[in-house]
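Contents: one structure, followed by commentary.
Since every read-out is calculated from the coordinates, none of them should be taken as a lab result. Source: prediction; values computed, not measured. All Cβ positions, even for glycine, are placed from backbone atoms using ideal geometry, and neighbour counts span all protein chains on display.
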Amino acid sequence: MGVEFRQCWILVLDIEGFSKRTDPIQESLRAAMYEVLREALVRSGLSVDEIAMEDRGDGVLMIAPASVSPVTLAGSFVRALDDELVGKAAVFNQDHAMRFRLALHQGLAAPDARGWVGDAVNTACRLVDAGPPRAVLTAATRARMVFVVSDEIHRSVIRHGHRAIDPAAYLPIRFATKHGETITGWVTVPGYAAPPGLEETGAAEPPERAAAPSGAPTAAPARVSLSAGVVHGDQVAGDKNVTVHTSGPVRP
C-alpha cells in the first residue's frame, strides 16, 4: 500500500559553508543548529512536536502540517531564528560562525520509512541550494541568514504584508535546475531593506514579461532604478524608503 500524501508547509535549512569545516566544528555546528531551531520554534509559538524534522547532515528538512499558519512560519519564526543566530554569534568564534539559508514552499508530501517524499520537497531543496540565495548570503556580510520562498508562497502569503512580514524587502529570482526546469522564487535578508548580490548573478529577473506586439522591434531591457518612496510596513518593521534596482518591470 502506498504512502499517503498530504498538504504541507515545507521548510529546508542549510548551514553556509558546512562542508569546509573540520569534523569537530561540524559536530558543534549541528548541535547549535538544532538548539537554535528549537528555541526559534518555541519563541514563535510553534509546537516542536508538530513539526516533523528530517536530518540532512548540513541542515534540516522540516514538514509543518497545513494547520500551521504560514504567516507564523514566514514571519515570527524567521525573525526568531534570526534573533537566535545573533545570540549564538556572541558565543561562537570565527571558525564556528553559523549562517543559514532557509527556504519555504508548499505542496504534497508523504512520510515513508526513511523520511519524506514528494515533488514539493524537491522544489524546496532546489530553492535553498540555488545559486542566487547563496550569492545573496555571501554579499550580505553582516547578515546571519537568507530566506527564500517559492512564487506560490509569495503570491499567497508574502505579498499581502501580514504582521511581521515586509513584502518590500523581497526581490524575485529565477534560476534553472540541472534538469532544465526554470524556478521562480523570492528572496529576502532579515535586517536588509533589499537583498544584495543579485546583480552579479543576473538572477533578479521579473517572473513575468509582457510579450511584445507582433512585428514590433525588441530592445534589450534597460537597467533602471525605481524609487518607491516611503513603504508603509507593519507594526514591527515600520515605514522606510526603498529603491529597487532591476533589469525590467517589477511585478506588484
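Points worth noting:
- Gain upon complete extension [LYS20, GLU50; 0.36 nm per residue less C-alpha separation]: 7.5 nm
- Potential extension, HIS179-VAL42 segment - 0.36 nm per residue separation minus Cα distance: 45.5 nm
- Working ranking of peptides 104-115, 175-186, 70-81 by packing, defined as the average number of other Cβ atoms within 10 Å per residue, highest first, is 70-81, 104-115, 175-186.
- Inter-label distance, nm, simple model (7 Å from Cα along the C-beta direction), ALA31/ARG159: 4.6
- Residues of segment 114-129 with an amide N closer than 17 Å to a point placed 7 Å from the Cα of VAL3 along the Cα-to-Cβ direction: 114-126.
- Computed over segment 1-148, relative contact order equals 35 percent, with contacts defined as Cα pairs under 8 Å that lie 6+ residues apart.
- Length, then width, then depth: along the principal axes, the Cα atoms of segment 6-188 run 39, 37, 36 Å.
- Packing order of peptides 60-67, 21-28, 7-14, highest average first: 7-14, 60-67, 21-28 (average count of other Cβ atoms within 10 Å over each peptide's residues).
- Backbone geometry of segment 31-42 corresponds, through the Karplus equation with coefficients 6.51, -1.76 and 1.60 at θ = phi - 60°, to 3J(HN,Hα) couplings of 5, 5, 4, 5, 5, 4, 4, 4, 5, 5, 4, 5 Hz, x marking Gly and Pro.
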